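The values are calculated or read from the model by the stated rules, or taken from the named source; none is laboratory data. Source: prediction; values computed, not measured. Neighbour counts are summed over all protein chains in view; Cβ atoms, including those assigned to glycine, are modelled from backbone coordinates with ideal geometry. Surface areas here come from the heavy atoms of the whole protein model, side chains and all, with no ligands, DNA or RNA. Shrake-Rupley method; radii C 1.70, N 1.55, O 1.52, S 1.80 Å.
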Amino acid sequence: MNQVKFRFRNNLIPMFFVMLFLLTLPAYSADWVSPGGAGSYAVTKPADGTRPDGGPVKMTLPAVGPNVDASAAEKRKVPTSDWWTPLAWVDPNDLPDRPAEMKTQRHGLSWELFSEPLVFQPQKGGLAVSLNVPDSQRAGMKNNVLTAGAGFMQEVVGTDSKGISPYFNTFFDQDMYLGSTLSGWNQAAYTAVSVTGWSDWFVNFSMTSPAETMKVTAGNGWPFLLVKLANGAPQVTFQSWNIGKVVPLVGSSFQVNSGMANGQQIPSAAFAVVNQVPFGKAKIPDSSESKDYSTYTVYAVFGPAGSTWTLDKAQKDDSRVLNTAVCSAGKHYAVAVLPCPWGKTIYDEPTEEDVRKLLAEFASRAFLEVTDTRVAPVLSGSSVTVQFNYTTSPLAGESPSGDGTLFAMYPHQYLDQSVKILDSSMSPTASSSWTKGWYWPSLKGRMLLAAGNSFTNTYDVPPCLPAVIDKPDKAKADRMASLLQQALDTQDPNFLSQGSYFGAQEMHRLAMLLPVAEMVGQTSAGVSSVDSTTKSIYKRAAETMGYRLRAIQDGKTSLKNAAQHAFYYDTRWGSMIPSCEDGFAADSLLNDHHFHFGYFVKTAAEIARWEKTHQSDPDNLGWAADYAPMIKLLIKDIANTDRTGKGSDPDFPFLRHFSPYAGHSWASGTSRGNQGGQQESTSEAIQAWAALLLWAQLNYPADSSNAELEKWAAYMFASEVRSAELYWFGYTTNDAFRPFLSFRQFAAKSDNVPMTYVPSMVSQINQNEMTFQTDFGNPPLLKHGIQWLPLTGSSLYLGVNEGALAEQDVKGYIETDWPKLGAGQDPPSPSDKDKLLMMKSLTKSYTADAKALITPDAAGGIPLDKWKMQWEIPAPNYDTLILQDSSRAAVFWWIDSHLSHGTAIHADNDADHTSAASFINSNGDKVYVAHNPGTTSLTVTFDDGKTLAVPALGYAHEVVPSAGSGGCSAGFPVMAMLLALPALMLLSRRRK
């Protein structure tokens, strides 16, 4: 008997530890998995459902899985939303159209790929290649008249609402077809394409036919394509050769026009073709005159060492001879598009001297194969340094002499950066001497020729605050106390019918007020009332967010249906797919995940911030500990920083949306269609990376991986902001470069720009098109508003340089876009007027309307009181409507705080922490603000020498008068006050 008892006790100990271990493991069933805590995700597709408002909901999964060789993927998940994604996402039911009149050779095996400066497409007849050329003189039909520029600058005119949506684009001329002597244009035999490898901005893929396997290396910003053949000899067919000159690396040049190939010998392994394409007469807009013009593109071809080329006439388009270069030996070759000298354009014939100079430089590096590319950010204070690294290796049998590869830099990579470009003599020179360089035209601005194995960019990280920081006086605090309660009371009654985008915005609408409420509670007369409202906001946000992060029905273990809000993990693409989603194809095409999930992460960060600050509060739900594992999965879905992969699920691709070389995100999951990658809302992309940064810095619950996330989030945040400024807003402080930037290249009429781009900004960028339009309406203010929302503590970049960016944008809307492109009429549709007034508060010249909105009348009321949420009853009109991402409380806090702070000066007066900002008000006083996400005190130092002491988990706000003496200083020691409460209560009891 004693032995039995002894054994029982002895076994109980290991059993206890086994049970304890099992409790720490993720929970799962056949249909769902919990990564830990209270959250869970589906692994079986949720069944169709019906929303509370009666609408049907169905989750639609991607139609295909990755088109990738198994050996290439290894343990990695395949990136989506990248420039080369069309190679990986090949849907046989969604390939380019093949009309009856189209040549079989042109049948696409995938959609176009825009590596820039090249564009290419695998087709049955070979790999079609050309310069991604923005030809602003390209003639097109307009009102049945051949009109110069009409094929380039188009207008889409709204019908149901006022609005004109001009756009400008590039052309894919399919100048060259790459193949081999066993499988070329004539054979039209290529049947399949497959990804065989990738790195941060390069890709390897193969094209196969019965007789040939052609392996290709391509890269974003790489002017080369490197080709390796299995069987045949190198062959390049020039489909659009018109008036051409052949320039060998060794030997004399000679003229060969279209269809004149007839055995001419090119006594060199490398040669260039200067291709002149003459265009017929086209009517000049607003003139009775017509004009002829030509474009000039220079392509270079590189054969193996010791080889020569012959121009052959065997390849034909019906009876038309296609000039074709056939190599004498070898199984590899490369092609490139050569740049222009700065003083010339694609409309100017290049000199032979320049062509030979470029050809020699490119030939010396053509076979220095790029085997890996990596971006590496380092965060220091509020500055992030980013190194772009190329790993190269000489191709077998070749002896390249160049030091590193050649690449084309976008403006954000060289403008105001300490990098080297190649000058007219092919010598490295500072990028500030950009007028001495070589360039390729692009929609974003001229891409400069550079060389090497790496280059480094440095970006200032804009202020990234939980909310706009202010020390409200009693009157402001009391008004905000009422507005906070109002925000809670006016939550959307149909919230559960909203999907992963609008629903996430509505959760964020409340959560963004939590840090504001902390500041308000310090000075409001009704402290207990504000505290009660704050806790109610916290609980509402936590409960609604928690519901959306659980895949199982409440009180049950069964899976939710598609209408009940769950995430499904797709093991093929390594992605958390939302349900229900709001019609943006976040499920079927993996679109916009960073937009959707950015709101989730910011909401989670503010819930966690409240809990970290109020750890001993009896109302603390412990939400952050319960749901952090699910939030980490959403973060990894949009911004996984691990390249190697785990080899087990759930796992995710490296930086799904953010494209390191492009410097910004692509929202389109597939990059399909003939426009390539696409992104509309820069502000929501920026908000996503800011949310990751705030979450990482808060580090609650503590997680060692947050240190790594912090630097990547800071990099993506800073880089996305820089790209938005340059490419979407066309904003730069470099006056000399401004005419060469983005849409500003086409804003002034000239011989080369017969039709100008009228709008003051770009609202949507594709890889072959930039446009002033949206996917949801034509009114001009919608196109501006989608670049502003949500306006939060991470939106201060919009007020950069004492409000110069906001000033430019607001002025552009008022003076150009609204009167010229919106007919000066307010359309009967959501108008973003709340955002416009908030933007005006960032400016120097347009603050009057913003100030009027919040100025009290004799009775103490303000005009903003009459504004309503879009779902309130009776419904507001479009002059007094607030969209679902905001509230009267958020509008008032933003406008009042910015009017009192003045304009931002953080661009010239940076701080050593990302959660800090500085301003100068109308009196010339400087205003300093900061937040401390840590649990120990923080001292923030600004460039002007000012230091700001910030209490743990608190806020600091100080005004320094222009005279330089005195001032009003305030710290918000939220944590310190909470820690002091027990002592104060004890003291009170002792006194009693």
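Relative to the longest principal Cα axis of the chain, at what angle does helix 888-901 sit, 0 to 90 degrees, rounded to 10? Tilt of helix 888-901: around 80 degrees. Computed over protein heavy atoms with a 1.4 Å probe, the accessible surface of segment 474-904 works out to 29 Å² per residue. Could you work out, for segment 27-176, what percent of all Cα-Cα pairs fall into each 10 Å distance bin, beginning at 0 Å and stopping at the bin that holds the largest distance? With 10 Å bins starting at 0, P(r) equals 9, 20, 27, 22, 16, 6, 1. Using the average count of surrounding beta-carbon atoms within 10 Å as a protection proxy, the listed peptides 330-341, 741-752 rank, highest first, as 330-341, 741-752. Would you mind classifying the chain by shape? Square roots of the alpha carbon gyration tensor eigenvalues, ordered a ≥ b ≥ c; an a/c under 1.5 is rounded, otherwise it is prolate if a/b is larger than b/c and oblate if not. Cα axes put the chain in the prolate bin.
For segment 450-608, the fraction of 1.4 Å probe accessible surface lying on carbon and sulfur atoms is 48 percent.
Would you work out the charge dipole size for segment 474-904 about its Cα centre, treating the Cβ of every Lys and Arg as +1 and the Cβ of every Asp and Glu as -1, and quote it to the nearest 20 debye? Don't skip to the answer; put the middle values down first.
Numbers: 37 positive and 48 negative charges, 52 e Å.
In total the dipole reaches around 240 debye.
All C-alpha pair distances within segment 145-192, sorted into 10 Å bins from zero, spread as 18, 27, 18, 22, 13, 2 percent across the bins.
For segment 410-449, the pair-distance distribution built from all alpha carbon pairs, in bins 5 Å wide starting at 0, is 6, 30, 36, 22, 6, 1 percent. Roughly what percent of Cα-Cα pairs across segment 315-454 reach past 22 Å? Everything past 22 Å amounts to 50 percent. Dipole magnitude for segment 499-610: about 280 debye, using +1 per Lys or Arg Cβ and -1 per Asp or Glu Cβ, origin at the Cα centre.
Straight-line reach from Lys281: which lysines have Cα under 22 Å away, leaving out those fewer than 8 places along the same chain? Cα-Cα hits under 22 Å: Lys142, Lys291, Lys749. When a/c is below 1.5 the answer is rounded, else prolate if a/b is larger than b/c, else oblate, so apply that to segment 648-693 with a ≥ b ≥ c taken from the square roots of the Cα gyration tensor eigenvalues. It is oblate, given that a/c is not under 1.5 and a/b is not larger than b/c.
Sorting the segments 687-696, 567-576 by their residues' average number of neighbouring beta-carbon atoms within 10 angstrom, most packed first, yields 687-696, 567-576. Reported to the nearest whole Å, the Cα centre-to-centre distance from segment 257-326 to segment 647-685 is 36. May I ask what percent, to the nearest 5, of DSSP beta bridges between residues of the chain are antiparallel? The antiparallel fraction comes to roughly 95 percent. How large a share of the accessible area of segment 795-931, in percent, is made up of carbon and sulfur atoms when the probe is 1.4 Å and the other protein chains stay in place? Roughly 53 percent, rounded to a whole number.
Applying the Kirkwood pairwise sum to the alpha-carbon positions of segment 474-904 produces a hydrodynamic radius of 22.5 angstrom.
The charge dipole of the chain, taken about its Cα centre with unit charges on the Cβ atoms of Lys, Arg (+1), Asp and Glu (-1) only, comes to about 1680 debye.
Roughly how many Å² is the accessible area per residue of segment 905-962, as a whole number, for a 1.4 Å probe?
Result: 35 Å² of accessible area for each residue.
Placing a pseudo-label 7 Å from each Cα along the Cα-to-Cβ vector at Lys539 and Lys291 gives an inter-label distance of 7.0 nm. Mind checking the angle between helix 474-489 and the chain's longest principal axis? C-alpha axes, 0 to 90 degrees, to the nearest 10. Its long axis makes an angle of about 70 degrees. Working from Cα pairs under 8 Å separated by at least six residues, relative contact order for segment 100-248 is 21 percent. Take the alpha carbon gyration tensor of segment 905-962, find the square roots of its eigenvalues, order them as a ≥ b ≥ c, and report rounded if a/c is under 1.5; if not, report prolate when a/b exceeds b/c, else oblate. Since a/c reaches 1.5 and a/b is larger than b/c, the shape of segment 905-962 is classed as prolate.
For Ser616 and Thr941, what is the calculated FRET efficiency with R₀ set at 30 Å and r taken between the beta-carbons, to the nearest 0.05? My answer for the efficiency is 0.40. Under the combined filter of DSSP loop state and at most 13 neighbouring Cβ atoms within 10 Å, segment 64-116 retains these GluC sites (Glu not before Pro): Glu74, Glu101. Rounded to the nearest 500, the helix-only mean residue ellipticity at 222 nm of the chain stands at -7500 deg cm²/dmol, with each DSSP H run of n ≥ 4 adding -39,500 (n - 2.57). With no solvent and one point on each alpha carbon, what is the Debye value of log10 I(q)/I(0) for segment 270-358 at q = 0.20 Å⁻¹? After summing over all Cα pairs, the log10 values are -1.05.
On the accessible surface of segment 704-755, probed at 1.4 Å, how many percent belong to carbon and sulfur atoms?
Of the solvent-accessible surface of segment 704-755, carbon and sulfur hold 49 percent.
Seen against the Cα atoms of the chain and their longest principal axis, helix 682-698 is set at about 50 degrees. So for segment 474-904, taking the charge dipole from beta-carbon charges (+1 Lys/Arg, -1 Asp/Glu), which of Val516, Thr732, Ala823 sits furthest toward the positive end? Positive-most Cα among the choices belongs to Thr732.
With the convex hull drawn over the C-alpha atoms of segment 119-271, the volume per residue is 189 Å³.
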